[in-house]
Amino acid sequence: MTLDVIATYATAVFLLIGSGFVIVGVIGLLKFNDPMTRLHAPTKVGTIGIGMLLLASMTHAFASGDGSLHELLIMAFLFVTAPISANFIAKVNIHSRTCEVPPSPSRDDTWSTLKSPDLDQEIKGGVQE
Amino acid sequence: MTSALGLLNIALVIAFVSLALGQVLSMVRLMLGPTYGDRILALDTMVINALGLVVVIGIRQGVQIYFEVSLLIAMLGFVSTVALARFILRGDIIE
């Protein structure tokens, strides 16, 4: 059992794990019944599913001779940008009132996404005058 | 080696089928989607599934030229998701 055979088996196993996560996440996107719950499922497609497929691509490149590591670049890009886009979609859900609105903060009211601070309103009024 | 290649071929077929089914199911959610957030999320999932399809095609053909394609799809998908969400949040993309 040489190294090529082990790498080919590893490629097949990574492909199976990745496609399993992809199908589970998409079924979750279709079947859940709340917008915020639906937001939770497809992020697994973006991170673990595509990550496993890219890992399979790397392993296959090493098995077939000329190895390459530059799929790590796509993996790093996806891992960085997935939380940002999920945060934006969650803000869309909060602003369109399709989910339970989070409670207002106790002391400081400048961080909440629904409430603009008084300073901004003063600046806006000043510009309009 | 032949059994390993057979397992790899079966895994490639399963990956193709599950990614294509994922595209179809997220397109159903894109058409159903009661809210804007669901539609943006379904479009983002479809972009990511297309990226996975390109990666699996690259494994199937054994070539390296699909790397740039998948990197470009990843960047365009992120930018389009953020632009859509910002348009719905603020009514404008770049203020």
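The values are calculated or read from the model by the stated rules, or taken from the named source; none is laboratory data. Quick caveat, the model's predicted, so the values are computed rather than measured. With ideal geometry, Cβ positions are generated from the backbone for all residues, glycine too; neighbour counts draw on all protein chains shown. With ligands, DNA and RNA removed, areas are computed over all heavy atoms of the protein, side chains included. Shrake-Rupley method; radii C 1.70, N 1.55, O 1.52, S 1.80 Å.
What is the local net charge at A:L29, summed over the other residues whose Cβ is closer than 15 Å to its Cβ (Lys, Arg +1; Asp, Glu -1)?
So the environment of A:L29 carries a net charge of +2.
What does the average come to when, for each residue of peptide B:50-63, you count the partner chain Cβ atoms lying within 10 Å of its Cβ?
That works out to 4 on average.
Evaluate the relative contact order of chain B (contact order divided by residue number), counting alpha-carbon pairs under 8 angstrom at least 6 apart; express in whole percent.
24 percent
Determine the per residue accessible area of region B:2-90 with all protein chains present and a 1.4 angstrom probe, expressed in square angstrom. Intermediate results must be reported in sequence, preceding the final value.
Values: 4350 Å² over 89 residues.
Ligands and nucleic acids excluded, the result is 49 Å² per residue.
Using unit Cβ charges (K, R positive; D, E negative) and no other charged atoms, how large, in debye to the nearest 20, is the dipole of the protein assembly as shown about its Cα centre?
Computed about the Cα centre, the dipole is about 620 debye.
Give me D for region B:2-90 in µm² s⁻¹, whole number, from Stokes-Einstein with Rh from the Kirkwood sum over alpha-carbon pairs, 25 °C and 0.890 mPa s. Walk me through the intermediate numbers first.
Details: Rh = 14.5 Å.
D = 170 µm²/s.
Rounded to the nearest Å, what's the spacing between the alpha carbon centres of region B:27-95 and region A:13-91? Just the number, please.
One Cα centre to the other: 12 Å.
Hey, can you rank B:14-26, A:11-23, A:89-101 by average C-beta count inside 10 Å, highest first?
Final packing ranking: A:11-23, B:14-26, A:89-101.
Quote the total accessible area buried by chains B and A together, excluding ligands, DNA and RNA, probe 1.4 Å, nearest 100 Å².
In total, chains B and A hide about 4100 Å² from solvent.
Assign unit charges at the C-beta atoms only (+1 for Lys and Arg, -1 for Asp and Glu), then state the dipole size of region B:2-90 relative to its Cα centre in Debye, rounded to the nearest 20.
180 debye
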